[in-house]
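Everything below concerns the one structure shown next.
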Amino acid sequence: LDRGAVQPDLAGRHVVVSAGGTREPLDPVRFIGNRSSGLQGYALARTAAARGARVTLVAANVALPDPAGARVVPVGSAEEMRKAVLEAAGDADAVVMAAAVADFRPVDYRGSKIKKAEGAEPEPIRLAKNPDILAELGERRRAGQVIVGFAAETDDVLANGRAKLARKRSDLLVVNQVGEDLTFGRPDNAAVILGADGSSTEVERGAKEALADVVWDLVAARLDPLPA
Ligand code: CTP
Ligand code: CA
């Protein structure tokens with residue numbers, strides 16, 4: 001199948017993509033993490049670069065080769081990701097939050113390894129809420145900037161997606177159903193992409209690259225034309 005020459009329809013644009021999953025440290029050797037592989041975010045970075053964009057990829061704990069043509073900013077925790085994303089978003093035309101950001105972090109970080117104590121029960125782990133990076137991007141957006149979120153849902157997928165899109169003031173929300181090995185670590189994905197304009201675009205199960213290209217099609221359609 002010849003898809004023909006790739007359209008450089010993102011030439012002259014700066015896009016920021018977050019990928020992977022944040023890790024919230026408990027002590028120097030332990031963390032609370034999640035199952036995100038980073039594959040979808042890396043596919044977004046690769047396809048954006050192929051379409052001519054300057055790409056900043058904020059990558060949390062990903063074991064994947066750097067995508068050609070992207071500047072990779074490695075981060076660990078949600079707080080580190082927040083700093084890197086907000087900084088890169090300053091002059092970005094679009095920001096896509098494909099990363100799985102931990103909702104909570106341990107309140108106390110122990111500077112030395114937590115040890116078992118003879119005969120004593122373990123301490124409970126107290127959690128605090130992390131900042132919502134996507135919501136902050138929605139609040140701070142520059143004129144013309146397109147903000148895209150991802151949502152992993154197991155129940156009431158579309159209703160939860162619509163509510164999430166509105167709550168975070170995003171332009172687009174890529175909603176996929178998770179659980180039972182439907183998404184994590186797989187090369188393929190299926191999704192419905194909801195738009196703040198009421199639109200809804202179904203993407204059949206296929207390569208994460210194909211879903212990425214549909215996301216960029218929808219982003220490109222929402223960008224202001226470049227100054228002549
Ligand atoms: N997100 C974020 N910062 C957070 C949590 C999530 O930027 N602290 C982003 C994710 O990168 C994703 C979107 O918000 O693009 C939705 O993430 P999701 O976990 O589905 O939404 P939450 O608002 O955390 O709601 P919940 O997990 O309770 O369903
Ligand atoms: Ca969450």
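The values are calculated or read from the model by the stated rules, or taken from the named source; none is laboratory data. Everything numeric here is computed off the predicted structure, so don't read it as measured data. Virtual Cβ from ideal backbone geometry, glycine too; neighbours counted across all protein chains shown.
The residue that is surrounded by the most Cβ atoms within 10 Å (Cβ to Cβ), among those in region 93-116 that are farther than 30 Å from Leu10 by Cβ and in contact with a Leu (Cβ under 6 Å, 6 or more places away or on another chain), is Pro106.
Of the strands (runs of 3 or more DSSP E) lying entirely inside region 1-50, those containing at least 1 residues that are among the small types (Gly, Ala, Ser) span 14-20. Within region 206-228, the set of residues being among the charged types (D, E, K, R) and either assigned to a loop (DSSP other than H, G, I, E, B) or within 18 Å of Asp188 (Cβ to Cβ) (or both) comprises Lys208, Glu209, Asp213, Asp224.
Among the residues of region 64-83 satisfying the criterion of being more than 16 Å from ligand 2 (Cβ to nearest atom) and surrounded by 21 or more Cβ atoms within 10 Å (Cβ to Cβ), which is nearest to Gly52 (Cα to Cα)? The extreme case among them is Ala70.
Would you mention how many residues in region 136-152 are within 11 Å of ligand 1 (Cβ to nearest atom) and closer than 19 Å to Gly198 by Cα? Counting residues in region 136-152 that are within 11 Å of ligand 1 (Cβ to nearest atom) and closer than 19 Å to Gly198 by Cα gives 6.
For the residues Ala143, Ala159, the requirement of being modelled with pLDDT under 95, surrounded by fewer than 16 Cβ atoms within 10 Å (Cβ to Cβ) and in a loop (DSSP other than H, G, I, E, B) singles out Ala143. The residue of region 28-54 that is modelled with the lowest pLDDT, among those that are among the charged types (D, E, K, R) and out of contact with any helix residue (DSSP H, G or I) (no Cβ under 8 Å at 6 or more places or on another chain), is Arg35.
Before we move on, is Ala128 of a type outside the set (Val, Ile, Thr), within 15 Å of ligand 1 (Cβ to nearest atom), part of a loop (DSSP other than H, G, I, E, B) and touching a residue at least 24 places away in the same chain (Cβ under 8 Å)? Answer is no for this residue. Annotation note: of Ile193, Ile133, the sole residue that is modelled with pLDDT of 95 or more and either within 12 Å of ligand 1 (Cβ to nearest atom) or in contact with a Pro (Cβ under 9 Å, 6 or more places away or on another chain) (or both) is Ile133.
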